[in-house]
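The values are calculated or read from the model by the stated rules, or taken from the named source; none is laboratory data. This is a predicted model, so every value here is computed, not measured. Quick reminder, even Gly has a Cβ in these numbers, built from the backbone with ideal geometry, and neighbours come from all protein chains shown.
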Amino acid sequence: MTEHLLVFGEREVADAVADGLDRHGYAVRVLRETLAGEDDGDDAQWLVHVVDERDLSAAESGAERLRLTDLARDNGGWYDATQAAEGDEGAEGAEGDEGAEGDRGGGPVRRPAAGD
């Protein structure tokens, strides 16, 4: 099993990327991350936590990481290589937002470090 974390500035983009990954068999979860020092909900990042249950070789895993990096970049986001595989209780699930589709499954996500 491999975990990945993609980060986007817009919820709609994160949802669209998550929908595409979900259709391809990944377990995905969209989470909202409020930026440090911000009080309002306007300043947030949207995280797509991706779980790949396949047993991949090191080469296959590296190729998958590159593919997800390109996917994030093509959609105006980035792949968080430093935080992708570790869990943390810090990120909030999107289910707390009004009108949100909410949790898409998956597991815990670690917050990006300040300045990322």
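Out of all the residues in the range 72-91, is one or more surrounded by 12 or more Cβ atoms within 10 Å (Cβ to Cβ), modelled with pLDDT of 95 or more, outside any loop (DSSP other than H, G, I, E, B) and aliphatic (A, V, I, L, M)? Within the range 72-91, one or more residues are surrounded by 12 or more Cβ atoms within 10 Å (Cβ to Cβ), modelled with pLDDT of 95 or more, outside any loop (DSSP other than H, G, I, E, B) and aliphatic (A, V, I, L, M).
Scanning the range 15-31 for residues that are surrounded by fewer than 19 Cβ atoms within 10 Å (Cβ to Cβ) and hydrophobic (A, V, I, L, M, F, W, C) gives Ala16, Ala27. One residue stands out among those in the range 26-55 that are at pLDDT below 90, of a type outside the set (D, E, K, R) and more than 16 Å from Val7 (Cα to Cα): the one that is farthest from the chain's Cα centre (by Cα), which is Gly37.
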